[in-house]
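Colleague: Here it is, the structure, as structure tokens.
The values are calculated or read from the model by the stated rules, or taken from the named source; none is laboratory data. Predicted model, so just to flag it, every value in this text is computed and none were measured. Ideal geometry is used to build each Cβ from the backbone, glycine not excepted, and the neighbour counts take in all protein chains shown.
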Amino acid sequence: MPDQELAFEEFMAARWQPLYRTAYLLTGNRHDAEDLLQSAMAGTCLRWSKIRDKGAADAYVRRAMLNDAQRHWRRRDREVVRGELPDEGFDQIGVRADHLALWQEVRRLPPKMRATLVLRYFEDLSVGETARELGCSEGVVKSATHHAIARLRQALPSLELTEELS
């Protein structure tokens, strides 16, 4: 048992930052991202001994975050947090002014579109992998990606979104 606990601690220490960035991109703010990741990590810790492929633990945590985030998105009384990007913790996203403008528009996308972009372009998942993570068809992923990029292009006509995003 101590070896399994140590293995989870090592996993958590090594993967917290990358998984936090994903949580932040899914939620759009630091506090919700911390809550989302902590909840997913707590659930993963409880089931750690049952996870056969420890190499797939990232996907397990990501799926837990997506499930939790989707439950939150479905609530009718959800609170939408507005504000500026935090000055600490995730500065890489806003290095240039066009990145800041792009990020502000991504945050305005509906949650499912934002999740699709995060999984496809930040997590670098294929259309099929993204569909499995979101629990939908590949067609829904392609459509959501297309519509999200179209919205971003419309909102930021001066910013050239290259084909790598489409």
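Colleague: Any residue at all in segment 20-35 that is of a type in the set (Val, Ile, Thr), surrounded by fewer than 21 Cβ atoms within 10 Å (Cβ to Cβ) and on the phi < 0 side of the Ramachandran plot?
Modeller: no
Colleague: Now for a different question. Kindly indicate which of Arg47, Arg52 is assigned to a loop (DSSP other than H, G, I, E, B) and free of Cβ contacts under 8 Å to residues at least 24 places away in the same chain.
Modeller: Arg52
Colleague: Of all residues in segment 104-114 being surrounded by 16 or more Cβ atoms within 10 Å (Cβ to Cβ) and under 24 Å from Ser158 (Cα atoms), which is nearest to the chain's Cα centre (by Cα)?
Modeller: Per the stated criteria, the residue is Arg114.
Colleague: Return yes or no: is Ser137 modelled with pLDDT of 85 or more and not basic (Lys, Arg)? Let's see the steps before the verdict.
Modeller: Working: modelled with pLDDT of 85 or more: yes; not basic (Lys, Arg): yes.
Considered against the rule, which asks whether it is modelled with pLDDT of 85 or more and not basic (Lys, Arg), Ser137 comes out as yes.
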